[in-house]
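Novice: Provided herewith is a single structure, encoded as structure tokens, for subsequent inquiry.
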Amino acid sequence: PSWFILWIQNHVLYLQHCFIWIHITNTMNATDVLKHHNIKKTAGRIAIIKALQDKCCPLSENEIKELMLESYDRITFYRNIQTLSAAGIIHKIVVDNTQIRYGLNCCESMHEHNVHKNNHAHFYCETCHSVVCLQEIKIPEFSLPQGFVSADSDIIIKGKCEKCNHWQSKSYLFFSSL
């Protein structure tokens, strides 16, 4: 049926997007990323970077933990997250008060290592709970009242991702044709 062909086409585009993202972030292996940032190489840091490189979206602590296997230790994990974040290797995404994800920064973009700020929006899918970095949507500089100094700002756009929206519209068409 024609809806199936559209489904295949959309998933090919999605996979192409993931491949491009993986290609960009995987041009340096985890050891190279740490070396590039003058960060000491440890098994935990390498495991966190590899986990983020293996997926094409930001991950929660539990998702990273599953990929790290036996090298996961909660206290060391948070110390490594702080170190990698301070170096500009990763960034923290707070979806709400209970959901935190970590995204890998593209090291080839030559960001300022010690003062990296989150400068792009994120999309949170309320259906599949995925988080996507929207690099093309930049967070504007806000004009604050005199005496106020901005430390950070986040933009989280919530809704349905392309995949979930596509599935819902196809299932609606399918069931309405019965």
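The values are calculated or read from the model by the stated rules, or taken from the named source; none is laboratory data. The model shown is predicted, which means the values in this text are computed figures rather than measured ones. FYI the Cβ positions are ideal-geometry reconstructions off the backbone, even for glycines, and counts take in every protein chain you see. Ligands, DNA and RNA are stripped out before the accessible areas are found, and what is left, the full protein with its side chains, is counted by its heavy atoms. Shrake-Rupley method; radii C 1.70, N 1.55, O 1.52, S 1.80 Å.
Novice: Among the residues that make up region 88-95, is at least one of them within 13 Å of the chain's Cα centre (by Cα) and open to solvent by 40 Å² or more (accessible area, probe 1.4 Å)?
Specialist: Step one: filter region 88-95 for residues within 13 Å of the chain's Cα centre (by Cα), giving 89-95.
Those left that are additionally open to solvent by 40 Å² or more (accessible area, probe 1.4 Å): 92, 94.
Among the residues of region 88-95, at least one is within 13 Å of the chain's Cα centre (by Cα) and open to solvent by 40 Å² or more (accessible area, probe 1.4 Å), which makes the answer yes.
Novice: Now a separate question. Being over 18 Å from residue 90 (Cα atoms), open to solvent by less than 50 Å² (accessible area, probe 1.4 Å) and modelled with pLDDT of 85 or more is the filter here, so list the residues in region 155-173 that pass it.
Specialist: Listed by number, the residues that qualify are 159, 161, 164.
Novice: Would you tally the residues in region 104-154 being touching a helix residue (DSSP H, G or I) at 6+ places or on another chain (Cβ under 6 Å) and at pLDDT below 80?
Specialist: Residues meeting the conditions: 2.
Novice: From the list 64, 81, 48, 75, pick out the single residue that is open to solvent by 30 Å² or more (accessible area, probe 1.4 Å) and part of a helix (DSSP H, G or I). Working first, answer last.
Specialist: Working: 64 fails: open to solvent by 30 Å² or more (accessible area, probe 1.4 Å); 81 fails: open to solvent by 30 Å² or more (accessible area, probe 1.4 Å); 48 fails: open to solvent by 30 Å² or more (accessible area, probe 1.4 Å).
Among 64, 81, 48, 75, only 75 is open to solvent by 30 Å² or more (accessible area, probe 1.4 Å) and part of a helix (DSSP H, G or I).
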